[in-house]
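Please treat every number below as a calculation from the coordinates, not as lab data. Given the structure is predicted, the values throughout are model-derived calculations rather than measurements. As a convention, Cβ positions derive from the backbone with ideal geometry for all residues, glycine included, and neighbour counts pool all protein chains shown.
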Amino acid sequence: MSFPSPLARGYSDDAAPVPTGPAVPPLPQLASRGRRVVPWLVAVLVVALLGLVAYFLEAIGPGASIVGMVIALVPLTVVLLAVRFVDRWEPEPRGLVLFALAWGAIAAVAIALGVDLLLTRTFALPDTELHDALRAVLQAPLVEEFAKGLGVFLIFATARRAFDGPVDGIVYGALVAAGFAFTENIQYFAVSMIEGGTTQLTATFILRGLLSPFAHVMFTSVTGFMLGLAARRGVRTSAAVGPWLLGILGAAALHALWNASAQFFDFFALYVTLQIPLFIAFIVGIVLLRREERRLTRERLGEYAAAGWFTPQEVDMLATSHGRRAARAWARTLRGDRTGIMKGFIADATSLAAVRQRIVTGRDPAAAADQQTLLIRTVAARRALFAP
């Protein structure tokens, strides 16, 4: 028997509650436990923010800080749009996205500044070219990547059920790095304006805002990738410390290479011959990981199709970008424009595939409850699409 849409197959009457109209009725929600950071981390960010604001007002001044912040929004926006594109298959919880950004912009910067101040005062380090070189090539990469990587690890440890694999790790790492680069850029842009006016500010913006907006993102994504591999294998938090430290070392190595190219070598020559190829390799890696994510979605939803929850045609639709676009376009033609219901159906089905992966690996004891919730939601949304 043929149906007018991959979604038009019926279910048995006892499969799920049947809505009476196009709006989906109140449905069970996924448990928030394991999908958000603990409150005390938010308190840490608030305290760190107060200290950071005081530092900027004292060291740079309010006027230059505001100018630097406005200009720093440009590369931040570019990076966030790119991260959103990478994360659109299975978007991370909004609360964790905001926490990752805030950790990078506030806590990671505060840690880096605090360590630098502590080392300078404790060891009375002289302001020499050698010290500047060591700070750029050794201190900054190690301290900054640890500070940023700590934020990714805290998400892994406290919100483990929203950390499913390498793509999630890269997204969280990129968000933390984006926040860190934003605050760092405020300082660089403000100092450039104070010391050299518009000319020096323009040069700094070209270097940091146009040529290297993804530098920090590439570095910290290595840490996130390693934690994502650990999450995919289902290891405990304590067992993930090793991969996390290995990721930090890899991130610090890339960071040190970047800084050394500016400190000791012809930056633009290495930028063209080394950094651009590394960035291309980074993009290719993300494309391959996203392809693997789609493959897992198809494979796991196929298991539900075998049990009668979806048709093979529905799985094809849900497991491809083209199929999802076509489904949303079709939903817009329904009475009242039911695109929102379709988007919810796609999101819940994608989450269902991730939950199934956690069940298969046995790393989430609460995954069975999530599975039941998401099955109810997908069936109800599906029926709402065809309600009169």
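Okay, here's what the table says:
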{"quantity": "From the coordinates shown, Cα extents along the principal axes in Å corresponds to which of [x] 79, 43, 41; [y] 92, 50, 39; [z] 52, 45, 40", "calculated": "[x]"}
{"quantity": "Relative contact order (percent, whole number), the chain, Cα cutoff 8 Å, 6+ residue spacing", "calculated": "24 percent"}
{"quantity": "J(HN,Hα) series, the stretch 275-280, from Karplus relation 6.51 cos²θ - 1.76 cosθ + 1.60, nearest Hz, glycine and proline x", "calculated": "5, 5, x, 5, 5, 5"}
{"quantity": "Rounded if a/c under 1.5, otherwise prolate or oblate - the stretch 295-385, Cα gyration tensor axes", "calculated": "prolate"}
{"quantity": "Between the stretch 157-186 and the stretch 190-263, the Cα center-to-center distance that results, in Å", "calculated": "11 Å"}
{"quantity": "Segment T77-E195, extension gain: residue separation times 0.36 nm, minus the distance between their alpha carbons", "calculated": "39.9 nm"}
{"quantity": "Net +/- balance of residues flanking L98 in space, Cβ distance below 13 Å, scoring K and R +1, D and E -1", "calculated": "+1"}
{"quantity": "Estimated inter-spin distance, L119 and V287, nm [label 7 Å along Cα→Cβ]", "calculated": "3.8 nm"}
{"quantity": "Whole-Hz ³J(HN,Hα) from phi, Karplus 6.51 cos²θ - 1.76 cosθ + 1.60, for the stretch 333-347, glycine and proline x", "calculated": "7, 6, 4, x, 6, 9, 4, x, 5, 4, 4, x, 4, 5, 5"}
{"quantity": "Relative compactness, the stretch 39-264, computed as alpha-carbon Rg over 2.2 N^0.38 Å", "calculated": "1.00"}
{"quantity": "Relative contact order of the stretch 179-250, defined on C-alpha pairs under 8 angstrom at six or more residues apart (%)", "calculated": "27 percent"}
